[in-house]
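The values are calculated or read from the model by the stated rules, or taken from the named source; none is laboratory data. Bear in mind that the values here come from a model prediction, so they are computed numbers and not experimental data. Every residue, glycine among them, receives a Cβ derived from its backbone with ideal geometry; neighbour counts consider all protein chains shown.
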Amino acid sequence: MQVPPFSLTEQLDALGEQLDAAVLQVLRSGQYIGGGVIAAFEQAFAKAVGTPHAVGCNSGTDALILALRGLGIGPGDEVITCSFSFFATAEAISAVGATPVFVDVEESSYLINLEQLEAAITPATKVLLPVHLFGRPVDMEQVCAIAERHRLKVVEDCAQASGASWAGRPVGSWGDVGCFSFFPTKNLGGAGDGGAVTCRDDALAQRMRELAVHGMPRRYLHTELGYNSRLDAIQAAVLNVKLPHLERWIELRRSIAARYRSQLDTANTIHLPEAGPDGHSWNQFVVRVPACSPAPACNQSCTPSSDSASFGLPEACCRDWLKQQLQEAGVTTIIYYPIPIHRQPAYAHLGYAPGSLPVTERLCAEVLSLPIFPELSSVQQQQVIEVLQNLCGAAASRATAAVAA
């Protein structure tokens, strides 16, 4: 049996008739931009997040750009974030003319190191941009306390964390702005690109809404340069059908994560992710495969990946070997992320040398995401567990033999 890392087939089978009807209604209405379908989704999503406002936009990337522009961030400003994230986190900062400042992450949680975050604040710092990575929420009480001490704004990157919460309060409701992605693989995914910003401030919500339509407060009046970044009605229709199921889907994800954590006996060959806080939404289940020492635990021909060799990162040979073995056994995995943002060629001008963010760089050589989605069957879950146990047991035996020799 092939086990995919993610699948929409079962979800579409279950919701197909509702989705077909919702999309067909939009098509027959002739109103594909704006209108009641989008307004209904924005209201429902704002309620789910716990904010007065939600503004739909074209993507999670645009959500970040709208948030930063809405807060007046631009050239000469610094925004502190982490490098262990998708490229768009930093790309949005650069897109408004500001400078991303990267700090390391915590090895145990994969999340931004808040002590380093505060230490990185300078007079040029204007925004703290924590990333709720893989569905695990950052400690937003601490982030907001730091921001208050230094009179800074907070933009939450919630792209991978729809439905997650910290201390019982949804992500996206803590900072000045929450930024969401509805890319199809997210906990709440559309049928293409889509995103939203959430906030409590009326004036800020209005400014972001205007920026998303060419800086236009009313038809053909343009008060500033904006963007063409609207959530289209078909995407909103799909999201309206899916949103009521989000909480149940996240509970299923949590159940799968709990099973992986309780049943995976990996003989210390891999490190499982922490259980995390109750509000973890498990968009990904990411294990770590430490580099072999003192002898290869995978096989004698194990070599570093090309990414590791090219970008001065720690060797990823064991992770890459395990990924290949899992694939051959029918279990497809994904690497999030093989190259940290600060080591990408696009950011070479910032001068981050190899080893400047050691935890981030080590994680990029070790992380591997196992299959997880709400409809992942018990049989598929068991296949992942058994294949991984067998591979890790064999690898551990080889390592022991190599050390003894």
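Summary of values
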quantity	calculated
Number of positions in the range 344-388 that are in contact with a Gly (Cβ under 8 Å, 6 or more places away or on another chain) and of a type in the set (D, E, K, R)	1
Every pair of residues 6+ apart whose Cβ atoms lie under 7 Å, when the first sits in the range 316-342 and is part of a helix (DSSP H, G or I) while the second is of a type in the set (D, E, K, R)	319/366
Matching helices (runs of 4 or more DSSP H) fully within the range 181-298 where at least 2 residues are of a type in the set (Lys, Arg), under 20 Å from the mean Cα position of the chain (by Cα) and more than 21 Å from residue 66 (Cβ to Cβ)	246-263
Qualifying residue in the range 55-66 (condition: among the β-branched types (Val, Ile, Thr), within 14 Å of residue 154 (Cα to Cα) and in contact (Cβ under 8 Å) with a residue 24 or more places away in the chain)	yes
Selection status of residue 333, over 21 Å from residue 106 (Cα atoms), at pLDDT 90 or above, β-branched (Val, Ile, Thr) and under 23 Å from the mean Cα position of the chain (by Cα)	yes
Helices (runs of 4 or more DSSP H) contained entirely in the range 1-73, each with at least 3 residues that are surrounded by fewer than 18 Cβ atoms within 10 Å (Cβ to Cβ)	9-29, 36-49
When residues of the range 79-97 are limited to those that are surrounded by fewer than 23 Cβ atoms within 10 Å (Cβ to Cβ), farther than 19 Å from residue 338 by Cβ and of a type in the set (Gly, Ala, Ser), the one farthest from the chain's Cα centre (by Cα)	97
Residue 228, sole failed condition from (1) on the phi > 0 side of the Ramachandran plot; (2) touching a His at 6+ places or on another chain (Cβ under 8 Å)	(1)
Selection status of residue 358, free of Cβ contacts under 8 Å to residues at least 24 places away in the same chain and more than 27 Å from residue 184 (Cα to Cα)	no
Single unsatisfied condition, residue 115 versus (1) over 22 Å from residue 276 (Cα atoms); (2) in a helix (DSSP H, G or I)	(1)
